[in-house]
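Since the structure comes first, as C-alpha cells, the remarks are kept for the end.
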Amino acid sequence: MWRIGWRDEAWSALDQEFDLIVIGGGITGAGIFAEACRKGFKTLLVEAKDFASGTSSRSSKLVHGGFRYLRNGQIKITYDSVRERERLLREERGLIHELGFLIARYQGDRLPMWALGLGLTLYDLIAFRWGHKYYQPERMLDLCPQLNPQDLEGGYRYFDALTDDARLVLKMIKTGVEFGGYALNYCPVQHILQMRHGQFVGIIIKDISPDGLERTCEVQSTAIINATGVWAEEVFSLALGEMIRKPKLRKLQGSHLVFSQEKLPLTRAVSIWHPEDKRPVFAFPWEGVTLVGTTDVDTNSRIRTDPQITGAEFEYLLDFIQYAFPGLNLSGKDVQSTFSGYRAVLDTGKSDPSKESREHILKYDAGLLTVAGGKLTTFRLMANQALRLLGKKMASFSPSNQIQEAGISPSIRLFARSEIDTRIGIRLIGRLGMDVQYMVDEIPNEEFRLIENSRTTFAELRWGAKAEGTMHLDDLLMRRVRLGITIPGGGLAIIQQIKEIVTEELHWDETRWQEELINYKQLLGNRYSVRF
Ligand code: FAD
C-alpha cells in the first residue's frame, strides 16, 4: 500500500477539497479516519511524527473494560469498553486476543474479597459471558507459582484482552486508505485556517520527512478534527490562539518495565495492589516478553514525543515486582527495557490522578472538533460519536463518496501456502489485514520465520520497510515491528540482518543508514533503556 512513491502520490492529491481533515495519527485519529472513509467521507489524516508515535504505542496494550474503573464508579466507560472488547475480539482475530487475568488479594488490601467477586460478576454480566472464578490461595499458587505466598488470601480469575497498540493504529489507517482516504506521517499541522466569519476551513502542513524537502501545503476541508491527545491544547492554539476556550486537560505519565520471559515467566496476567499506595499494577505476557505497569503520575515537564521513565517510577515498579514475585529475586539489572507515555484526562482536580475519569471529551468550535482523552479500547465509539456530532453541527458535513464494501478476507490464499505455520498465518492476517495477500507473493518463504526469541517474523520486518510508510529506522523497529522493546538490546545484535533488509527495501545508501543507526541507538539509550 505505502510503497516507494506513495508520499508524492498522496501529496499531489492535496489540492482537492476534503470533507474531513483528521489531525493526529494515534488511535483516536486513526479510528476516526477509518470510520469516516468507510462512510464515504473524503478524508485526509496528517500526523506530525510517525503514525502511533504518541501515546498509542506506549499503552498497556489491554483491550479491557477497566475493572478498576467500576470501583471508581465509572460504570459508563466500563460498560462501553467491555462491549467494545467483545466486538474487537470477534472482528480482529490475530491482532487482539483473550488473556486470562489473576487478581490476587493479600491481607490488608482495601477491597474485601466479596466486593471483588461482586465487581467481577457485574463485569461478566455486562459482557454477557461468565468468565470469573474464585480460587483459594493454594490454587492461586498452582496457577501462578511465582506469586508471593505470604499473606495471600486467595483471588479471582477473569478474562480481558490484549493487542499490539501500534499495529492496531496502523491497521485502522490502512483501512481508511483502502477506502480511498489519504494519510501522511511526518506532516505537522502548522496553522489552522479560519475564514473571516470564524469558520475553520483548512490547515497548513509541512512535510518534514527526510525526502519531503520541507515543502508546505494548504489543504481545504469542510470539517477538521483535532485528535492530538496530549497535544490537543497546543493544536488549539494553532487555531488562532486564545479566541476559543481550550479544554482543560490533565497530563499524566505512565511507564512500564519490560522483562524477558526467562526472568519473569508468566502465562497469564497477574494484578496485585501495590503495597505502597494500593493501586492495581499488572504483570502480563506480551509479544514474547513480560510487561509490568503502569504508573500514573502528573507531569509538568514539556510534553515530548519520546518520554522517559523517571527514577521514582522505576523504583515503584521494581518494588511491586519484588513484592509480588519475591522468589524470582529480580533487581533493576534484570529489566530489559522500559517505555513511557502520556495520557490526557479531563482535569477535575482529583488529588489521586488515577481517580480522574477515563471518559473522552468532545469540544466543537466552528467546524473544528477536538476529541481527547478516552481509551484505546473505545476508539470506534469515539469515532462514531465524533462523526455524528459533526453531522449535527454542520449541515454541510456530508460524504462525497459512496459507502464501499469491505474487501474479502485474504486468509484462504495465505493458508494455501503450506510452508507457513498456521499460528504465524493468523497473526499476520490480524496485523496486516488485506496486505497479507501481497506479502505472501512478494516475500521469500524462508523469511516467514521468527526473529530470535520474539514473536515477529523477518517477513514482517521486510514488509514494514517495503510497504508500511516507514521513514526512519525507529518507525520500523519501534512500531511496524516491536523489536525495539521485545528483544534484548533493541535488535542491535542482529543489526546486520536488519540493515540488509532495510537498505534493500528503502534504497538507503551507507551514509543514510549510518545516520539512522546513530539516531536509533541514541533513542534506545536515552528513552527506552534502564538508567537507574
Ligand atoms: P496519541 O496516540 O498521543 O496521538 C496523538 C497524535 O497527534 C500523536 O501521534 C502526535 O504526534 C500527533 N500530533 C501532535 N501535534 C500534531 C500536529 N501539530 N500535527 C499533526 N499531528 C500532531 N487504553 C486502553 O484502552 N488500554 C490500555 O491498556 C491503556 N493503557 C494505557 C497506559 C498508559 C501508560 C497510557 C498513558 C494510556 C493508556 N491507555 C490505555 C489510554 C490510551 O493509550 C490512550 O487513550 C490513546 O492511546 C490516546 O490516543 P490518541 O490518538 O488520542 O493520542
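Read-outs throughout are calculated quantities, based only on the coordinates presented, and are distinct from any laboratory measurement. These numbers were taken from a predicted model, which means no experiment stands behind them. In this analysis, Cβ positions are derived from the backbone assuming ideal geometry, glycine residues included, and neighbour counts consider all displayed protein chains.
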What residues from segment 428-443 fall in the zone where the backbone N is under 19 Å from a label point 7 Å along the Cα-to-C-beta line of Leu450?
428-432
Hey, could you pull the Cα Rg and Dmax for segment 443-528, both in Å?
11.9, 37
Gain upon complete extension [Tyr134, Ala395; 0.36 nm per residue less C-alpha separation]
88.6 nm
Among Leu193, Leu428, which comes first, second and so on when ranked by fewest other beta-carbon atoms within 10 Å?
Leu193, Leu428
Rounded to the nearest 10 degrees, what's the angle between the helix 113-127 long axis and the longest principal axis of the chain, both from Cα atoms, 0 to 90?
30 degrees
Ranked Cys144, Cys217, Cys37, criterion: other C-beta atoms within 10 Å, fewest first:
Cys217, Cys144, Cys37
The alpha-carbon center of segment 157-174 and that of segment 41-98 are separated, in whole Å, by 7 Å
Those lysines that a straight Cα-Cα span of less than 16 Å connects to Lys363, excepting residues fewer than 8 apart in one chain
Lys246, Lys248, Lys392, Lys393
Once the Cβ-Cβ distance between Asn384 and Glu98 is put in as r, and R0 is 35 Å, what FRET efficiency do you end up with, to the nearest 0.05?
0.90
Considering only DSSP beta bridges whose two residues both sit in the chain, what percent are antiparallel, to the nearest 5?
75 percent
Roughly how many nanometres apart are two label points built 7 Å out from the Cα toward the Cβ at Met195 and Glu442?
4.2 nm
Can you tell me the orientation of helix 75-91 relative to the chain, as the angle in degrees between its alpha-carbon axis and the longest Cα principal axis, to the nearest 10?
80 degrees
Around Leu193, which amide H atoms from residues at least 5 apart in sequence, or from another chain, sit under 5 Å from its own amide H, with H modelled in the peptide plane?
Val201, Gly202, Ile203, Ile204
Grab the beta carbon distance between Leu213 and His274, set R0 = 51 Å, and tell me the FRET efficiency rounded to 0.05.
0.55
List the lysines whose alpha-carbon lies under 23 Å from that of Lys466, not counting same-chain residues fewer than 8 positions away?
Lys49, Lys171, Lys174, Lys499, Lys521
Taking only the Cα atoms of the chain, how large is their convex hull per residue, in Å³?
147 Å³
Distance between modelled label sites at Ile75 and Glu91, nm, 7 Å Cα→Cβ extension
2.7 nm
In degrees between 0 and 90, to the nearest 10, how far off the longest principal axis of the chain does helix 495-506 point, with axes built from Cα atoms?
30 degrees
Difference of contour (0.36 nm per residue) and Cα-Cα distance, Asp15 to Leu141
39.1 nm
